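The values are calculated or read from the model by the stated rules, or taken from the named source; none is laboratory data. Computed from a prediction, not measured in an experiment: that's the story for all the values here. Ideal geometry is used to build each Cβ from the backbone, glycine not excepted, and the neighbour counts take in all protein chains shown. For the accessible areas, the whole protein counts, side chains as well, though only heavy atoms, and no ligand, DNA or RNA atoms are used. Shrake-Rupley method; radii C 1.70, N 1.55, O 1.52, S 1.80 Å.
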Amino acid sequence: MTAGELRRTFEADRPFPLDRFQHQALDALDEGRSVLVAAPTGAGKTVVAEYAVARARASGGKVFYTTPLKALSNQKFGDLAREHGGANVGLLTGDNSINGDAPIVVMTTEVLRNMIYADSPALAGLQYVVLDEVHYLQNRYRGAVWEEVIIHLPHDVALVALSATVSNAEEVADWIRTVRGATAVIIEERRPIELQHLYLVGDRSDAGLQLLPTFVDEGDGELRPNPVAARLDGRHAPRRRAGQRPRLYTPWRSEVVERLAEERMLPAIVFVFSRVGCDRAVEQCLAAGVRLTDSAQRSALRRIAEAKTAGLSDDDLDVLGYDSWFAGLEAGLAAHHAGMVPPMKEAVEEAFASGLLGVVFATETLSLGINMPARTVVIEKLSKFTGEHHEFLTPGEYTQLAGRAGRRGIDTVGHVVVLWDPFVAFEQVAALASRRTYALTSVFRPTYNMAANLVQRYPADQARHLLNLSFAQYHADRDVVGLERQLERLRDQLRRTRESVEAGDGDLEGYRTIVGELEAARRAERAERGGRLESLRPGDVLDLPRRGGRVAVLRQERGRGVPRVLALNARRELVRLAASDFRGGVRKLGTITLPRPFAPRNAAFQRATVEAMHGLRPRDDVIGRDDARIAVLERHLAEHPLHGSASLAQRLRAAGQADRLEREIARAERRVAGRGDSLARQFDRVLGVLEAWGYLQDWGLSDAGRLLTRLNTECDLVLAESLREGLCDGLEPAELAAVVSCFAYERRGADGSAPVAPRRWPTNQVARRARGIERIWRDLLATERDERLPETRQPDPGFTGAIHGWVRGDELADLLEDEEMTGGDFVRNVKQVIDLLRQVAEVAPDPATAATARRAADACLRGVVAASSAVDVPA
């Protein structure tokens, strides 16, 4: 088949005629170029990836399809296997290895990155790599992986990078072009399904629920925020009488569902930024009598639920709340969040995609690529809790959520509904809805594993060159251009300012020197007076004629941050002393013992204090003296020839401005230097740590360094060092799984505080090994702080008890009850431990430890974890 025939056949097989941007992207692939396609969710970006797959198959080559999430990889594997046949499609994730030698292989981006570093034979014959959801490269934890793949992938492999709409797509494409050569950037801002933004307000008056358009056309063709909706803000709404309920309120969830059903706006996804909130929403709707299914739909839903959960035992289903979950499902209602186990989440996804569910209440994780478009998206709140504080949604986050609205081929319009909130002004809602794009930024930085792999694969100059090819460095270099332009303007402004300073006679710099010395002397004297004040103690008696003669110090005070002293004078008046009372030195007459109890406003206390002051035999002790230089400097200033000249004030202002400009120029020059080599300097510091710890010498890796190249975890160096020290040796499988979990686990909602040791360690061995791991981490932390490197997060032993029990064979119900953890969190954490155990099995210096790691990983794969790792392989 010729290239032209392939193209015509491919286009004819699509369910919709190709859009202009899709034609442009396919043209670029036909011309042998890489492509970056930035388009809204649902616009049809995947057509470009499908064409790359078709081209590779037609020429007998390979294509790798990468995604950021295992769930997305599983979904894409199923789609491609159905289209091209199971024998032609493989899947490689941390959970599954299916048909890895196939011509089409779906994998997570980390798998591809590891294959590149290992120079895997599987890269032979590779023609295309699809990077789906490439905007993930700004993910703080995993984003650098995308950049590593783009930089290190062989140059004869074409990239198909698919991204959500970002405002700097041209910049990203310029970077890819710089790194990889010819790259076309295809930007599509138009959605195939028009979006209608709506505002839903609960109204206790006769108006009832008001569903208002967010934007209206007032006759000139321009859409503007709806003035009717704006008047419903708290600032404009009618005031209520005392004791009267507010007229406006946030609609109840059951009301929202019923109104959407009335308006024929179902199916809908309602985004609730809380797992508990999602589950509670289903319960509330059920309690309100909401039912959205008929008998045929209920039968179909039962078949899906039973098929997806077939691998779970009755006990597991019971502890996972199957009955209440299925009650909602049968009614056409479901939650979707990371706290659910994968089989139940997958049942919800399949049921929704089949049109059997009316409403899904979901957290924002559903917006990350899972194929679940809806007619309507509802956003309950425009802020979400991050684990530390509430944050307003960014335009990019709003766009991602709204992108689910509108099903191509089914809907002519998609709806995005925001609920009224007394704490959010309508103008904020309108502003967020009108901003559709966001800029892509880089989080790339050299890690210990990355540095070790660079040393292993490249000479020093080439490794540093590859670092300079990162998007982070590219972005920094572009910033340097802007900073250089700013420097030019500052230097020009400084030149003109200096000219005005020098336009006059007399020694201006000499005059400014005296002024500077005088100001410094006065500041020092003020500080000295403050010190004199703070040196006073209760009972000290001073001679202060301006304050009534003798005064007794009662206590130190601070008023608006200014130190003061409360004192009592001989006339029994309470006075407050400030630093200004200590000009020229103050005589301290001695110290008395203050009466008890301490009651400054009590007449008896005051009488006794004054009597003690009068009975004191004074001594001559002077507290401080004024700086004599001040009078000398003041005289020199008054005698200077420029003092009092007409142009003096103007020249002094210009000279001060010149000083400020010089400081700004110095700061900008430091920023340029810092931007220009920040990654290189950080890389050198990382190399310094590896050399000091014995992983590297003279640009060569030790055995420990080679071990480090194959460990992919945030705590890579701590794990490598723990393996070197034998902290994973001599353990039973359950104990090893518990120890390894310290590197994989991070408690949900961690707010930066240190991990907490478990209430009860599973064994003394695990406790000792965990303490050894913490010691290594503390040593590394001290090194990183000395080297000004980003700090490795602290290993967390919080999952040791749960994983130890699971490997030992404990029941899921018992573990979830003990750990107060959701089924979904438990499964996800076990899977992360399995992934790390498999890495340990590959690299452990002790063969017995490697064998134990394999046994521990196998023991983890049972029950709900095994059911959650299974993938349907289409025939």
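Points worth noting:
- Calculated Rg and Dmax of region 561-642 using C-alpha coordinates, Å: 18.7, 63
- Summing +1 for each Lys or Arg and -1 for each Asp or Glu among the other residues whose beta-carbon sits under 9 angstrom from that of Gly406 gives +3.
- Restricting region 185-218 to GluC sites (Glu not before Pro) in coil, as DSSP defines it, with at most 14 other Cβ within 10 Å: Glu189, Glu218
- Fraction of accessible area attributable to carbon and sulfur, the chain (%, probe 1.4 Å): 47
- At most 14 other Cβ within 10 Å, DSSP loop - GluC sites (Glu not before Pro), region 66-139: none
- About its Cα centre, the dipole of region 253-324 is roughly 320 debye, where the only charges are +1 on Lys and Arg Cβ and -1 on Asp and Glu Cβ.
- Long hydrophobic helices in the chain, taken as whole DSSP H segments with a C-alpha length of 24 Å or more on their own axis and mean Kyte-Doolittle hydropathy at least -0.5: 823-843.
- Signed unit charges on C-beta, dipole axis of the chain, positive-most listed residue Gly78, Phe271, Leu248: Leu248
- The chain - charge dipole about Cα centre, Lys and Arg +1 at Cβ, Asp and Glu -1, debye rounded to 20: 4180
- MRE, 222 nm, helices only [DSSP H, n ≥ 4, -39500 (n - 2.57), over the chain, to nearest 500]: -15500 deg cm²/dmol
- Partner lysines for Lys76 [C-alpha distance under 27 Å; skip if fewer than 8 residues away on the same chain]: Lys45, Lys62, Lys308, Lys345, Lys831
- In the chain, the DSSP beta bridges split such that about 45 percent are antiparallel, to the nearest 5.
- Solvent-accessible area per residue for the chain (1.4 angstrom probe, square angstrom): 46
- Sorting the Cα pairs of region 744-875 by distance into bins of 10 Å, from 0 upward, gives 11, 36, 36, 14, 3, 0 percent per bin.
- The Cα center of region 258-319 and the Cα center of region 646-660 differ in position by 73 Å.
- Tyr65 contributes about 10 Å² of solvent-accessible surface, heavy atoms of the protein only, 1.4 Å probe.
- Residues whose placed amide H lies under 5 Å from that of Leu223, excluding near-sequence neighbours: none
- Across the chain, Cα pairs under 8 Å and at least six residues apart give a relative contact order of 12 percent.
- Point-charge dipole on Cβ atoms (K/R +1, D/E -1) for region 1-137, about Cα centre, debye to 20: 60
- Its Cα gyration tensor gives region 272-417 an equivalent ellipsoid; the semi-axes, largest first and in whole Å, are 25, 19, 14.
- Beta bridges from DSSP with both residues in region 82-198: antiparallel share about 20 percent, rounded to the nearest 5.
- Unit charges at the beta carbon, dipole of the chain: most positive-side option, Ala857, Asn468, Ser868: Asn468
- Based on alpha-carbon atoms, the Kirkwood radius and the radius of gyration of region 731-816 give Rg/Rh equal to 1.02.
- Over all other residues within a Cβ to Cβ distance under 15 Å of Ala102, the charged ones net out to +1, with Lys and Arg as +1 and Asp and Glu as -1.
- Rounded to the nearest 10 Å², the accessible area of Val756 at probe 1.4 Å: 100
- Across all directions, the average flat footprint of the convex hull enclosing the Cα atoms of region 27-137 is 7.0 nm².
- DSSP beta bridges in region 21-152 [antiparallel fraction, %, rounded to 5]: 10
- For Asp27, net neighbour charge (Lys/Arg +1, Asp/Glu -1) across residues whose Cβ lies under 10 Å away: 0
- Over region 118-254, the Kirkwood radius and the radius of gyration, each from Cα atoms, give a ratio Rg/Rh of 1.24.
- Dipole orientation for the chain: of the candidates Ala287, Ala452, Trp146, Ala287 has the Cα lying most toward the positive pole (charges on Cβ; Lys, Arg +1; Asp, Glu -1).
- Using equal-weight Cα scatterers in the Debye expression, the normalised intensity of the chain in log10 at q = 0.05, 0.07 Å⁻¹ is -0.44, -0.78.
- The ratio of the alpha-carbon radius of gyration of region 783-838 to the globular-protein estimate 2.2 N^0.38 Å is 1.48.
- Inter-part distance where region 726-800 and region 1-34 are each reduced to a Cα centre, Å: 52
- Here region 399-556 yields Rg over Rh of 1.27, to two decimals, using C-alpha coordinates and the Kirkwood radius.
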